[in-house]
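Reading through the structure tokens given below for one structure.
The values are calculated or read from the model by the stated rules, or taken from the named source; none is laboratory data. This structure is a prediction, so every number in the text was calculated from the model and none was measured. Quick reminder, even Gly has a Cβ in these numbers, built from the backbone with ideal geometry, and neighbours come from all protein chains shown. Heavy atoms of the whole protein, side chains included, go into the accessibility calculation; ligands, DNA and RNA do not. Shrake-Rupley method; radii C 1.70, N 1.55, O 1.52, S 1.80 Å.
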Amino acid sequence: MALWSGRFTENVSEFTQRFGASLPVDKQLYAQDIAGSKAHARMLGAQGVISQEDVDAIVAGLDRIKARIDAGEFEFDINDEDIHMSVEKALIADIGEAGARLHTGRSRNDQVITDTRLFAKQRATDLMQANVALRQVLVDQAKANIDVLLPGYTHMQHAQPVFLAHHLLAYAHMFARDFKRLAAAREAADVNPLGSAALAGTTYPLDRRMTAEELGFSGVTANSLDAVSDRDFLLDLDYAATVSCVHLSRLAEEIVLWSTSEFGFITLSDAFSTGSSIMPQKKNPDFAELIRGKAGRVVGDLVALLVTLKSLPLAYNKDLQEDKEGVIDAARTLEDCYTCMTGMLQTMTVNADAMRAQVAKGYLGATDVADYLAKKGLPFRRAHEIVGHLVLLCDQRGCGLEDLSLEDFKAESDLFEADITEALDLEAIADARTTEGGTSREAIRVQLAQVEQALATDRDK
Ligand code: ARG
């Protein structure tokens with residue numbers, strides 16, 4: 001019989017027992033559950049609600065249970081419904097009476113959300129560390145490839161030349177924003193709901209600040225009804241994970257594209273590629289594809305929790321038991337994706353020549369030819385049209401802008417001089433974009449310093 005079975009004369013069926021149990025999921029929160037119980041017991045003792053001997057027996061008993069679970073020697077029984085019941089039942093079996101006093105002034109409703117908040121804080125911290133490792137690799141590759149030029153794209157068409165470092169740092173910035181979202185999610189989790197009891201608080205003289213301090217929470221929740229019903233902080237973590245997975249999927253897509261024979265911009269290491277069971281020549285970017293695909297599940301985790309919470313009345317409802325599986329999955333998935341992407345970027349080979357060869361195609365200097373005329377006083381719109389004609393001419397001849405003669409240029413505008421060839425140098429074109437945040441190597445070095453500075457401070461958060 002369950003620990004709450006006093007008013008029941010009949011058991012639920014084996015099926016409904018399994019259906020109602022959260023133990024298969026929440027046993028992952030055993031360390032948090034035991035830490036919360038120890039803090040609660042110590043506080044009950046300090047407040048004179050239970051004796052010091054009981055506190056000592058409870059704490060020692062909980063430590064023994066934790067050691068057994070750590071060692072894989074604890075047999076979980078599905079009839080215990082959840083981790084709270086499992087631990088409490090084992091404690092009572094171990095130390096008797098004192099164990100049966102632990103749940104004084106507490107409900108599983110404040111217990112579960114205490115555990116979940118502790119868990120969310122820990123997982124957010126893990127993810128922040130994995131996020132920093134990924135950003136470091138992006139910085140390393142940016143530094144190593146500061147002189148590598150590739151076509152920048154809009155609409156997946158060649159647009160203007162950019163340096164690879166600039167392209168990689170764009171992702172470093174995305175992941176830096178993700179870091180902030182993860183940190184905000186951790187902060188949202190960082191309040192102590194313990195002492196809210198089932199929904200209304202309790203008549204015992206609980207010191208909620210004491211348990212907050214012992215558990216490392218920065219403060220206490222202000223409303224007991226809200227405390228046991230609030231899952232916003234899990235939405236925050238899910239959302240932070242989702243955005244980062246979406247960012248990873250964009251990078252993964254570029255990796256897939258860049259490793260095709262059509263692009264050939266990068267070669268993935270064998271350690272991050274797979275073969276085909278039928279086609280002996282194949283080397284597939286499976287892991288980049290998987291990262292791209294896993295984003296879908298994490299988006300689903302966020303949506304699932306949003307829908308679970310929609311229209312849910314106060315205070316605790318069993319629906320809330322559905323909160324943990326998705327967020328555990330989202331955190332694990334993002335952590336794995338970070339780790340995988342970090343290794344993949346670290347070990348890929350950049351094919352600078354293939355990138356440079358593509359820069360020569362698609363009239364990447366066209367904007368700069370228009371700027372050349374505009375800087376000589378021609379209105380930009382007019383200059384744009386003239387260069388459009390020159391591009392059309394190149395299209396007809398099957399050549400590049402750099403292959404046109406000075407006469408060809410002059411036929412369109414007599415503002416063109418011999419120095420137009422210099423205006424078509426693609427490295428110079430990129431290096432001329434010196435605006436803050438632009439692609440010139442000068443601006444990239446400034447950007448790199450900022451990114452590295454942010455990384456250094458984030459490492460300690
Ligand atoms: N297993 C439950 C959950 O995960 C714990 C809280 C149960 N509370 C209750 N009154 N049934 O949400």
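Worth pointing out:
- Against the chain, whose longest principal axis is taken from its Cα atoms, helix 83-95 shows a tilt of about 40°.
- P(r) tail, the stretch 135-177: Cα-Cα pairs separated by more than 16 Å, 38% of all pairs.
- Tail weight of P(r) past 27 Å, computed on alpha-carbon pairs of the stretch 37-176, percent: 49
- Among the trypsin sites (Lys or Arg not before Pro) in the stretch 250-353, those located in a DSSP loop and surrounded by at most 14 other Cβ atoms within 10 Å of their own Cβ are Lys282, Lys283, Lys310.
- Taking the inverse of the mean 1/r over every pair of distinct Cα atoms in the chain gives a Kirkwood hydrodynamic radius of 26.3 Å.
- Dipole-positive endmost among Pro24, Gly72, Ala120 within the stretch 1-159 (Cβ charges, Cα centre): Ala120
- Reachable aspartates and glutamates, given that their alpha-carbon falls under 16 Å from the alpha-carbon of Lys376 and they are not under 8 places away in the same chain: Asp368, Glu385, Glu412, Asp414, Glu417, Asp419, Glu422
- Listed pairs Lys121/Lys318; Lys89/Lys310; Lys361/Lys410; Lys89/Lys324; Lys143/Lys375 exceeding 27 Å between Cα atoms: Lys89/Lys310; Lys143/Lys375
- Loop-located GluC sites (Glu not before Pro) across the stretch 346-429 with a Cβ neighbour count of 14 or fewer within 10 Å are Glu417, with loop assigned by DSSP.
- Dimensionless Rg ratio for the stretch 1-109, taking C-alpha atoms and the 2.2 N^0.38 Å reference: 1.08
- Considering every alpha-carbon pair of the stretch 182-247, the percent of pairs per 5 Å bin, from zero through the bin containing the longest distance, is 4, 18, 22, 22, 15, 9, 6, 3, 1, 0.
- Alpha carbon convex hull of the stretch 334-437, volume per residue in cubic angstrom: 159
- Zero-based 5 Å bins, Cα pair distances in the stretch 227-317, whole percents: 3, 13, 17, 15, 12, 10, 8, 7, 6, 5, 3, 1
- Under the convention that each Lys and Arg Cβ holds +1 and each Asp and Glu Cβ holds -1, the size of the dipole of the chain around its Cα centre is about 560 debye.
- Folded to 0 to 90 degrees: helix 30-46 orientation relative to the chain principal axis, Cα: 50
- All-pairs alpha carbon distance profile, the stretch 25-81, 10 Å steps from 0, percent: 23, 46, 26, 5
- Rounded to the nearest whole angstrom, the semi-axes of the ellipsoid equivalent to the stretch 129-231, taken from the Cα gyration tensor as √(5λ), stand at 50, 15, 6, largest first.
- Accessible carbon and sulfur surface of the stretch 243-331 relative to its total accessible area, %, 1.4 Å: 57
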